[in-house]
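What follows is calculated from the coordinates using simple rules that are stated; it is not laboratory data. These figures come from a predicted structure and were not determined experimentally. Cβ coordinates were reconstructed from backbone atoms using ideal geometry, including for glycine residues, and neighbour counts include every protein chain displayed.
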Amino acid sequence: MEKLSNLIFERLTKNKEISREFLGYLEGWISISGNLFLFFIKILFGIILKSISLISEAFHSLSDVLTSIVVIFSFKLSKKPPDSKHPFGHGRIEKIGTLIISFLLIFACIDLCKISILRIKNPQTIQPGIFIILFMFFSTIFKEWMTKFSFYLGKKINSDILIADGWHHRLDGIASFIVGIGLIFMKYGFYHLDGILGIFVVLLLLWIAYDLIKKTSSFLIGEAPDKNTIEKIKEVISLNPDVLSFHDIKVHDYGNKKIISLHIEVEKNISLKQAHDIALEIQDKIKENIENSEVSIHIDPIGERED
């Protein structure tokens, strides 16, 4: 599926200017188109069969449409330039969008859980045809491709909101597979499975929502930078022979921009211009290695630094 994602990516981006926003919009619109198709088919058969698990799955696909709309608006708003109130830009809107997605899932779960419990208490006769069962398995494969494509684009631009949307696709795919298996059993009279599978889908949704809220909240509070970023900075500094030591590396992540500050120690006898040139060279190298970063370097003459 990775080769398929790469092929589709190359076809869709041919002769186009590739930017972070463009890839975010691309993932969002592909997700919306695919999920609307799945929603209409699932809701149609769910109403015909009066199957709560199938209707739940349809609204799960519809919730993925809503999350993709949030993705598109998040990318649109996050690219707004810095202003007087937001000097570091609006990149964290992506994270707020992820939180909105998570809470939309929780609200959907509450209603689906109530309906599923009622269906367990009062099961209804369901006789699904072979076509809808096969469609649910097709839906599983289709959603797994959408998952891979979202992950593919998310990794390209290091976007948590695209990764989150990918997990929504995978969850929907798993749920479609489970409902497909359940429909097979319902053909043989296991009608209680309809409500039970509805509950199972709800639990999967709640777990994903909890995980997204936990990770996103940690970022917004201000978590430590990932080790890979710190190692890139250290590697750049270590390659400069004029730097005797370094310390106090700090990284503030604003989503589409990283603000980096650090201290370097140099010989106290060199000229101010030499020290400035050393700092400028390191600053430029870090920017080359860490995309969308701003770097501020404080110079400490060795032996005269105050802690």
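Of the candidates Asp111, Asp248, Asp165, which one comes out as most mobile in a Gaussian network treatment of the chain with C-alpha springs shorter than 10 Å?
Highest fluctuation among the options: Asp248.
Taking Rh as the Kirkwood radius, which is the inverse of the mean 1/r over Cα pairs, what is the Rg/Rh value for region 227-301? Mind showing how you got there, number by number?
Details: Rg = 12.0 Å, Rh = 12.5 Å.
Rg divided by Rh gives 0.96.
Once label points are set 7 Å from the Cα along Cα→Cβ at both Lys76 and Lys250, what is their separation, rounded to one decimal in nm?
Computed distance between label sites Lys76 and Lys250 equals 3.6 nm.
Any idea what the dipole of region 227-301 comes to, in debye rounded to 20, about its Cα centre with Lys/Arg Cβ at +1 and Asp/Glu Cβ at -1? Spell out each step's value before the answer.
On the way: 10 positive and 14 negative charges, 40 e Å.
Here region 227-301 has a charge dipole of around 200 debye.
What share of all Cα pairs of the chain, in percent, falls into each consecutive 10 Å distance bin?
Reading the bins upward from 0: 6, 23, 24, 19, 13, 8, 5, 2, 0.
Which of Ile230, Leu162, Thr147 sits farthest toward the positive end of the charge dipole of the chain, with +1 on the Cβ of Lys and Arg and -1 on the Cβ of Asp and Glu?
Most positive-ward Cα: Thr147.
Report the antiparallel proportion of the DSSP beta bridges in region 227-301 as a percent, rounded to a multiple of 5.
Details: 7 of 16 bridges.
Taking every DSSP beta bridge within region 227-301, about 45 percent pair in antiparallel fashion.
To check you understand DSSP bridge types, tell me what percent of the beta bridges within the chain (both residues inside) are antiparallel, rounded to 5. The partial results should precede the final answer.
Values: 7 of 16 bridges.
Here the share of antiparallel DSSP bridges comes out near 45 percent.
Order of 65-77, 285-297 by packing, highest average Cβ count within 10 Å first? Don't skip to the end; give the middle numbers.
Working: 65-77: 20.5, 285-297: 16.2.
The densest-packed peptide leads the list: 65-77, 285-297.
Hey, what angle do you get for helix 2-13 against the long axis of the chain, alpha-carbon based, 0 to 90 degrees rounded to 10?
The two axes meet at around 70 degrees.
Note down the net charge around Leu280, summing +1 for each Lys or Arg and -1 for each Asp or Glu among other residues with Cβ under 14 Å from its Cβ.
Numbers: positive: Lys273, Lys285, Lys287; negative: Asp242, Asp277, Glu281, Asp284, Glu288, Glu294.
With Lys, Arg at +1 and Asp, Glu at -1, the neighbours total -3.
What is the helix-to-structure angle for 93-121, meaning the angle in degrees between its Cα long axis and the longest Cα principal axis of the chain, kept from 0 to 90 and rounded to the nearest 10?
20 degrees
How much length, in nm to one decimal, is gained on full extension between Asp211 and Leu280, taken as 0.36 nm per residue of separation minus their Cα-Cα distance? Could the numbers behind the result be given before it?
Values: separation 69, 0.36 × 69 = 24.84 nm, distance 4.06 nm.
Stretched fully, the Asp211-Leu280 segment lengthens by 20.8 nm.
Determine the sum of side-chain charges near Trp167: Lys and Arg each +1, Asp and Glu each -1, restricted to other residues whose C-beta is under 14 angstrom from that of Trp167.
Values: positive: Lys143, Lys148, Lys155, Arg170, Lys214, Lys215; negative: Glu27, Asp64, Glu144, Asp160, Asp165, Asp172, Asp211.
Taking every other residue near Trp167 into account, the sum is -1.
So what J values fall out for region 211-218 if you push phi through Karplus, 6.51 cos²θ - 1.76 cosθ + 1.60 with θ = phi - 60°, rounded to Hz, Gly and Pro as x?
5, 5, 4, 4, 5, 5, 4, 4
Give me the one-decimal nm value for the distance between modelled label points at Ile302 and Asp226, 7 Å along each residue's Cα-to-Cβ direction.
3.4 nm
Using the basic label-point model (7 angstrom from Cα toward the beta carbon), what is the Lys16 to Glu267 distance in nanometres?
5.4 nm
Would you order Asp284, Asp172 from fewest to most other beta-carbon atoms within 10 Å of each residue's own beta-carbon? Each step should come with its number before you reach the end.
On the way: Asp284 12, Asp172 28.
If I rank by nearby Cβ atoms, fewest first, I get Asp284, Asp172.
By how many degrees, between 0 and 90 and to the nearest 10, does the Cα long axis of helix 20-49 differ from the longest principal axis of the chain?
So the inclination is approximately 10 degrees.
Could you tell me how far the Cα centroid of region 67-94 sits from the Cα centroid of region 101-159, in Å?
29 Å
Note down the net charge around Ile93, summing +1 for each Lys or Arg and -1 for each Asp or Glu among other residues with Cβ under 14 Å from its Cβ. Mind dumping the intermediate values first?
Numbers: positive: Arg20, Lys76, Lys79, Lys80, Lys85, Arg92, Lys95, Lys257; negative: Glu21, Asp83, Glu94, Asp160, Asp253.
So the surrounding residues net to +3.
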